[in-house]
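All remarks here apply to the structure that follows.
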Amino acid sequence: MQFGWRINMQVIIKEYDKTEEVQLKNLLDLSFEDKGLLNIVKNSKSEFAYSAFVENKLVGVIFGWVSKFHPHCTYFRILSNPFYEMYGVEENLLAKVESLGIIESPLQTSIWETAINLKNIYERNGFKEIRRTYMPTLQVTDIKEEVQFSDKNNHIIKTLADITSNNRLMEKLSLLVRRNYEETHKVNPVVDANLDEWKKLILANDTVINGSYVFLDKDGKEIIAYSFLHESDSENTYELGWCGCSDKQFKRLIPRLILQHIKYSINQNVRAIVGEFDTTDIYAMEVLKRFPFAPCPTWITYQKK
(Lines give C-alpha, C1' and ligand atoms only; values in the text may rest on other atoms or scores of the structure.)
Protein backbone atom coordinates (compact mmCIF):
# COMPACT_ATOMS: atom_id res chain seq x y z
CA MET A 1 0.00 0.00 0.00
CA GLN A 2 1.30 3.43 -0.92
CA PHE A 3 0.83 6.40 1.42
CA GLY A 4 0.95 10.08 0.47
CA TRP A 5 -0.90 13.38 0.30
CA ARG A 6 -3.01 14.37 -2.69
CA ILE A 7 -2.18 18.07 -2.88
CA ASN A 8 -4.34 18.76 -5.93
CA MET A 9 -7.62 18.44 -4.03
CA GLN A 10 -9.79 21.55 -3.87
CA VAL A 11 -11.15 23.25 -0.74
CA ILE A 12 -14.89 23.82 -1.04
CA ILE A 13 -16.50 26.51 1.16
CA LYS A 14 -20.22 26.23 2.00
CA GLU A 15 -22.60 27.69 4.54
CA TYR A 16 -22.52 25.58 7.71
CA ASP A 17 -25.28 22.97 8.00
CA LYS A 18 -26.49 21.49 11.28
CA THR A 19 -26.03 17.98 9.87
CA GLU A 20 -22.28 18.60 10.23
CA GLU A 21 -22.47 18.77 14.05
CA VAL A 22 -20.75 15.43 14.71
CA GLN A 23 -17.78 16.40 12.53
CA LEU A 24 -17.76 19.87 14.14
CA LYS A 25 -17.35 18.27 17.59
CA ASN A 26 -14.28 16.48 16.26
CA LEU A 27 -12.81 19.81 15.09
CA LEU A 28 -13.46 21.27 18.57
CA ASP A 29 -11.42 18.44 20.08
CA LEU A 30 -8.59 18.87 17.58
CA SER A 31 -8.52 22.63 18.31
CA PHE A 32 -8.69 22.23 22.11
CA GLU A 33 -11.60 24.66 22.14
CA ASP A 34 -14.38 25.09 24.69
CA LYS A 35 -17.36 22.83 23.94
CA GLY A 36 -19.61 25.77 24.82
CA LEU A 37 -18.81 27.24 21.40
CA LEU A 38 -20.97 24.51 19.90
CA ASN A 39 -24.07 26.18 21.36
CA ILE A 40 -23.38 29.36 19.36
CA VAL A 41 -23.66 27.46 16.09
CA LYS A 42 -26.21 24.92 17.30
CA ASN A 43 -28.70 27.52 18.53
CA SER A 44 -28.33 29.81 15.49
CA LYS A 45 -26.70 32.56 17.57
CA SER A 46 -23.94 33.06 15.02
CA GLU A 47 -23.66 36.06 12.71
CA PHE A 48 -22.10 33.82 10.07
CA ALA A 49 -20.96 30.20 9.83
CA TYR A 50 -19.07 28.56 6.95
CA SER A 51 -17.60 25.10 6.49
CA ALA A 52 -14.60 23.95 4.48
CA PHE A 53 -14.56 20.54 2.80
CA VAL A 54 -11.93 18.45 1.10
CA GLU A 55 -13.50 15.51 -0.76
CA ASN A 56 -16.71 15.77 1.30
CA LYS A 57 -14.77 15.71 4.59
CA LEU A 58 -15.29 18.63 6.97
CA VAL A 59 -11.81 20.03 7.58
CA GLY A 60 -12.58 23.53 8.87
CA VAL A 61 -15.28 25.84 10.18
CA ILE A 62 -15.45 29.59 10.78
CA PHE A 63 -18.27 31.23 12.73
CA GLY A 64 -18.82 34.60 14.32
CA TRP A 65 -21.07 36.13 16.97
CA VAL A 66 -21.69 39.35 18.88
CA SER A 67 -21.48 39.48 22.68
CA LYS A 68 -24.19 41.35 24.59
CA PHE A 69 -21.55 42.43 27.14
CA HIS A 70 -18.96 43.48 24.54
CA PRO A 71 -21.10 44.50 21.54
CA HIS A 72 -18.52 46.65 19.76
CA CYS A 73 -16.70 43.85 17.94
CA THR A 74 -17.52 40.64 16.09
CA TYR A 75 -16.01 37.59 17.75
CA PHE A 76 -15.08 34.64 15.60
CA ARG A 77 -13.33 31.28 15.73
CA ILE A 78 -11.67 29.14 13.12
CA LEU A 79 -11.59 25.42 13.88
CA SER A 80 -9.56 23.24 11.57
CA ASN A 81 -8.02 19.84 11.09
CA PRO A 82 -4.23 20.32 11.37
CA PHE A 83 -3.58 17.42 9.00
CA TYR A 84 -5.01 19.54 6.17
CA GLU A 85 -2.80 22.55 6.81
CA MET A 86 -1.25 22.42 3.33
CA TYR A 87 -4.62 23.24 1.71
CA GLY A 88 -4.84 26.73 3.21
CA VAL A 89 -8.17 25.88 4.85
CA GLU A 90 -7.96 28.63 7.47
CA GLU A 91 -7.08 31.43 5.04
CA ASN A 92 -9.82 30.31 2.65
CA LEU A 93 -12.37 30.54 5.45
CA LEU A 94 -11.07 33.92 6.63
CA ALA A 95 -11.10 35.29 3.08
CA LYS A 96 -14.70 34.11 2.64
CA VAL A 97 -15.90 36.05 5.69
CA GLU A 98 -13.94 39.20 4.85
CA SER A 99 -15.33 39.12 1.30
CA LEU A 100 -18.90 39.37 2.61
CA GLY A 101 -18.54 43.11 3.25
CA ILE A 102 -21.21 43.05 5.97
CA ILE A 103 -19.04 43.22 9.10
CA GLU A 104 -18.71 46.80 10.30
CA SER A 105 -17.24 46.22 13.77
CA PRO A 106 -13.67 44.96 14.33
CA LEU A 107 -13.08 41.23 14.00
CA GLN A 108 -11.69 39.66 17.17
CA THR A 109 -10.53 36.15 18.01
CA SER A 110 -8.35 34.31 20.52
CA ILE A 111 -5.99 31.35 20.20
CA TRP A 112 -3.58 29.39 22.34
CA GLU A 113 -0.01 30.57 21.81
CA THR A 114 0.81 27.02 20.70
CA ALA A 115 -1.49 27.41 17.64
CA ILE A 116 1.45 28.57 15.52
CA ASN A 117 -0.30 28.15 12.17
CA LEU A 118 -3.25 30.37 13.13
CA LYS A 119 -0.90 32.86 14.79
CA ASN A 120 1.02 33.25 11.52
CA ILE A 121 -2.18 33.49 9.47
CA TYR A 122 -3.71 36.26 11.59
CA GLU A 123 -0.53 38.31 11.71
CA ARG A 124 -0.07 37.87 7.96
CA ASN A 125 -3.62 39.12 7.36
CA GLY A 126 -3.43 42.33 9.38
CA PHE A 127 -4.61 41.21 12.80
CA LYS A 128 -2.92 42.84 15.80
CA GLU A 129 -2.34 41.27 19.20
CA ILE A 130 -4.27 43.30 21.79
CA ARG A 131 -3.62 41.25 24.94
CA ARG A 132 -2.53 37.96 26.41
CA THR A 133 -4.43 36.05 29.06
CA TYR A 134 -2.90 33.67 31.58
CA MET A 135 -5.17 31.01 33.08
CA PRO A 136 -2.96 29.17 35.57
CA THR A 137 -3.78 27.11 38.65
CA LEU A 138 -2.67 27.72 42.22
CA GLN A 139 -2.53 24.80 44.63
CA VAL A 140 -3.68 26.39 47.88
CA THR A 141 -1.79 23.87 50.01
CA ASP A 142 1.45 25.24 48.50
CA ILE A 143 0.93 28.54 50.33
CA LYS A 144 2.61 28.63 53.72
CA GLU A 145 0.99 30.34 56.69
CA GLU A 146 3.98 32.62 57.18
CA VAL A 147 3.22 34.47 53.92
CA GLN A 148 1.96 37.90 54.95
CA PHE A 149 1.49 41.35 53.44
CA SER A 150 1.80 44.40 55.67
CA ASP A 151 -0.98 46.93 56.18
CA LYS A 152 0.04 49.81 58.45
CA ASN A 153 -3.27 51.66 58.03
CA ASN A 154 -5.46 48.98 59.65
CA HIS A 155 -7.95 48.76 56.82
CA ILE A 156 -11.04 46.64 57.44
CA ILE A 157 -11.66 43.38 55.57
CA LYS A 158 -15.29 42.36 54.99
CA THR A 159 -16.84 39.54 53.01
CA LEU A 160 -19.19 40.33 50.16
CA ALA A 161 -21.90 38.69 52.26
CA ASP A 162 -21.25 41.27 55.01
CA ILE A 163 -22.07 44.24 52.77
CA THR A 164 -24.82 42.97 50.45
CA SER A 165 -27.54 44.49 52.63
CA ASN A 166 -25.72 47.86 52.77
CA ASN A 167 -27.09 49.72 49.75
CA ARG A 168 -24.59 52.55 50.07
CA LEU A 169 -21.55 50.27 50.04
CA MET A 170 -22.96 48.06 47.27
CA GLU A 171 -23.53 51.14 45.11
CA LYS A 172 -19.96 52.27 45.71
CA LEU A 173 -18.68 48.77 44.93
CA SER A 174 -20.68 48.62 41.69
CA LEU A 175 -19.35 52.03 40.64
CA LEU A 176 -15.78 50.98 41.36
CA VAL A 177 -16.06 47.62 39.57
CA ARG A 178 -17.64 49.27 36.52
CA ARG A 179 -14.97 51.98 36.37
CA ASN A 180 -12.08 49.52 36.63
CA TYR A 181 -13.56 47.09 34.11
CA GLU A 182 -14.14 49.87 31.58
CA GLU A 183 -10.60 51.19 32.06
CA THR A 184 -9.01 47.77 31.50
CA HIS A 185 -11.16 46.97 28.43
CA LYS A 186 -10.83 50.14 26.36
CA VAL A 187 -9.59 48.16 23.36
CA ASN A 188 -12.91 46.25 23.36
CA PRO A 189 -15.46 48.47 25.15
CA VAL A 190 -18.14 47.04 27.39
CA VAL A 191 -21.87 47.73 26.98
CA ASP A 192 -23.25 50.79 28.77
CA ALA A 193 -25.00 49.14 31.74
CA ASN A 194 -26.54 50.75 34.83
CA LEU A 195 -25.43 50.08 38.41
CA ASP A 196 -28.20 47.57 39.10
CA GLU A 197 -26.95 45.44 36.20
CA TRP A 198 -23.39 45.62 37.52
CA LYS A 199 -24.62 44.63 40.97
CA LYS A 200 -26.26 41.56 39.43
CA LEU A 201 -22.97 40.67 37.73
CA ILE A 202 -21.12 41.00 41.05
CA LEU A 203 -23.71 38.85 42.84
CA ALA A 204 -23.94 36.22 40.10
CA ASN A 205 -25.20 32.74 40.94
CA ASP A 206 -21.67 31.33 40.97
CA THR A 207 -20.22 34.07 43.21
CA VAL A 208 -18.98 32.72 46.54
CA ILE A 209 -20.17 35.66 48.65
CA ASN A 210 -18.67 34.30 51.87
CA GLY A 211 -15.31 33.83 50.13
CA SER A 212 -15.26 37.14 48.25
CA TYR A 213 -13.71 40.10 50.05
CA VAL A 214 -13.51 43.89 50.12
CA PHE A 215 -11.17 46.26 51.91
CA LEU A 216 -12.83 49.22 53.61
CA ASP A 217 -11.08 52.31 54.90
CA LYS A 218 -10.55 52.55 58.67
CA ASP A 219 -13.92 54.29 59.06
CA GLY A 220 -15.73 51.55 57.16
CA LYS A 221 -17.29 54.04 54.73
CA GLU A 222 -15.27 53.65 51.53
CA ILE A 223 -14.32 50.59 49.49
CA ILE A 224 -10.67 50.74 48.55
CA ALA A 225 -10.07 47.23 47.16
CA TYR A 226 -12.02 44.10 46.23
CA SER A 227 -11.51 40.55 44.97
CA PHE A 228 -14.23 38.02 44.12
CA LEU A 229 -14.28 34.23 44.22
CA HIS A 230 -16.48 31.96 42.11
CA GLU A 231 -17.59 28.36 41.94
CA SER A 232 -15.93 26.26 39.23
CA ASP A 233 -17.08 23.44 36.98
CA SER A 234 -13.92 21.58 38.03
CA GLU A 235 -14.00 19.49 41.19
CA ASN A 236 -12.27 20.86 44.31
CA THR A 237 -11.58 24.15 42.54
CA TYR A 238 -12.58 27.79 42.85
CA GLU A 239 -12.05 30.54 40.27
CA LEU A 240 -10.78 34.04 40.91
CA GLY A 241 -13.07 36.79 39.63
CA TRP A 242 -12.69 40.53 39.24
CA CYS A 243 -10.28 42.37 41.49
CA GLY A 244 -9.33 46.01 41.72
CA CYS A 245 -8.96 49.06 43.92
CA SER A 246 -10.05 52.69 44.19
CA ASP A 247 -6.54 54.06 43.65
CA LYS A 248 -3.38 52.50 42.24
CA GLN A 249 -1.61 53.06 45.57
CA PHE A 250 -3.84 50.33 47.03
CA LYS A 251 -2.76 47.64 44.53
CA ARG A 252 -0.54 46.22 47.26
CA LEU A 253 -3.69 45.33 49.25
CA ILE A 254 -5.11 42.99 46.60
CA PRO A 255 -2.69 40.12 47.42
CA ARG A 256 -3.96 40.24 51.00
CA LEU A 257 -7.47 39.57 49.70
CA ILE A 258 -6.11 36.65 47.69
CA LEU A 259 -4.70 35.24 50.93
CA GLN A 260 -8.22 35.42 52.34
CA HIS A 261 -9.46 33.42 49.33
CA ILE A 262 -6.78 30.84 50.01
CA LYS A 263 -7.68 30.52 53.69
CA TYR A 264 -11.35 30.22 52.82
CA SER A 265 -10.62 27.57 50.18
CA ILE A 266 -8.58 25.51 52.64
CA ASN A 267 -11.42 25.68 55.17
CA GLN A 268 -13.82 24.46 52.48
CA ASN A 269 -11.46 21.58 51.55
CA VAL A 270 -10.97 23.11 48.10
CA ARG A 271 -7.51 22.28 46.76
CA ALA A 272 -6.98 24.70 43.89
CA ILE A 273 -7.79 28.18 42.64
CA VAL A 274 -7.77 29.04 38.93
CA GLY A 275 -7.07 32.58 37.79
CA GLU A 276 -7.64 34.51 34.57
CA PHE A 277 -5.17 37.34 34.16
CA ASP A 278 -5.26 39.78 31.23
CA THR A 279 -2.07 41.68 30.48
CA THR A 280 -4.25 44.79 30.07
CA ASP A 281 -5.46 44.49 33.68
CA ILE A 282 -2.94 45.98 36.14
CA TYR A 283 -4.89 44.65 39.12
CA ALA A 284 -5.02 41.06 37.93
CA MET A 285 -1.34 41.14 36.99
CA GLU A 286 -0.53 42.22 40.55
CA VAL A 287 -1.94 38.88 41.71
CA LEU A 288 -0.16 36.82 39.06
CA LYS A 289 3.25 38.17 39.97
CA ARG A 290 2.82 37.70 43.73
CA PHE A 291 1.73 34.04 43.93
CA PRO A 292 3.27 30.75 42.70
CA PHE A 293 0.79 29.83 39.97
CA ALA A 294 1.76 26.85 37.84
CA PRO A 295 3.18 27.70 34.38
CA CYS A 296 0.75 27.49 31.48
CA PRO A 297 0.44 28.56 27.82
CA THR A 298 -1.14 31.95 27.18
CA TRP A 299 -4.36 32.78 25.36
CA ILE A 300 -3.64 35.44 22.72
CA THR A 301 -6.36 37.82 21.55
CA TYR A 302 -6.16 39.35 18.06
CA GLN A 303 -8.22 42.16 16.57
CA LYS A 304 -8.54 43.63 13.09
CA LYS A 305 -10.24 46.98 12.56
Would you list, by chain and number, the lysines whose Cα falls below 23 Å from the Cα of Lys96, excluding same-chain residues fewer than 8 positions away? Lys14, Lys18, Lys25, Lys42, Lys45, Lys57, Lys119, Lys128, Lys304, Lys305
Quick check: at a probe of 1.4 Å, how many percent of the accessible area of the chain sits on carbon and sulfur atoms? 46
What 222 nm value per residue comes from the helices of the chain, counting each DSSP H run with n ≥ 4 as -39,500 (n - 2.57) and dividing by all residues, nearest 500 deg cm²/dmol? -8500 deg cm²/dmol
At 7 Å along Cα-to-Cβ for each site, give me the label-to-label distance between Thr114 and Tyr181 in nm. 3.1
If Tyr87, Tyr226 are ordered by their accessible area, calculated over protein heavy atoms with a 1.4 Å probe, which sequence runs from highest to lowest? Tyr87, Tyr226
Yeah, the chain with a ≥ b ≥ c from its alpha-carbon gyration tensor (a/c under 1.5 is rounded, else prolate when a/b outruns b/c, oblate otherwise) is prolate
Which of the lysines could a cross-linker span from Lys263 if the Cα-Cα distance has to be under 18 Å and same-chain partners fewer than 8 positions apart are dropped? Lys144, Lys158
May I ask you to derive the relative contact order of the chain, considering only C-alpha pairs under 8 Å and at least 6 residues apart, and to give it as an integer percent? 21
Assuming a ≥ b ≥ c are the square roots of the Cα gyration tensor eigenvalues, decide whether the range 137-298 counts as rounded (a/c under 1.5), prolate (otherwise, with a/b larger than b/c) or oblate. rounded
Going by the alpha-carbon gyration tensor, a ≥ b ≥ c the square roots of its eigenvalues, is the range 56-135 rounded (a/c under 1.5) or, if a/c is not under 1.5, prolate (a/b greater than b/c) versus oblate? oblate
Spin-label zone in the range 275-294 - amide nitrogen under 20 Å from a point set 7 Å from the Cα of Arg252 along the C-beta vector: 282-292
Rounded Å value of the spacing that divides the Cα centres of the range 4-53 and the range 222-253: 37
DSSP beta bridges in the range 25-163 [antiparallel fraction, %, rounded to 5]: 85
Over the range 137-298, relative contact order from alpha-carbon pairs under 8 Å, at least 6 apart, %: 27
Spin-label point model (7 Å from Cα, Cβ direction): what's the Asp233 to Arg124 distance in nm? 3.3
Which whole-Hz couplings ³J(HN,Hα) result when phi for each residue of the range 32-38 is put into the Karplus expression 6.51 cos²θ - 1.76 cosθ + 1.60, θ = phi - 60°, listed in order with x for Gly and Pro? 6, 9, 5, 5, x, 4, 4
Calculate, for Lys96 and Leu38, the FRET efficiency according to 1/(1 + (r/R0)^6) with r their C-beta to C-beta distance and R0 25 Å; round to the nearest 0.05. 0.75
Looking only at Met86, Met170, Met285, which one moves most when the chain is put into a Gaussian network model with springs between Cα atoms under 10 Å? Met86
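The values are calculated or read from the model by the stated rules, or taken from the named source; none is laboratory data. Note that this is a predicted model, so its numbers are computed, not measured. Backbone-built Cβ (ideal geometry, glycine too); neighbour counts: all protein chains shown. These accessible areas exclude ligands, DNA and RNA; they are computed on the full protein's heavy atoms, side chains included. Shrake-Rupley method; radii C 1.70, N 1.55, O 1.52, S 1.80 Å.
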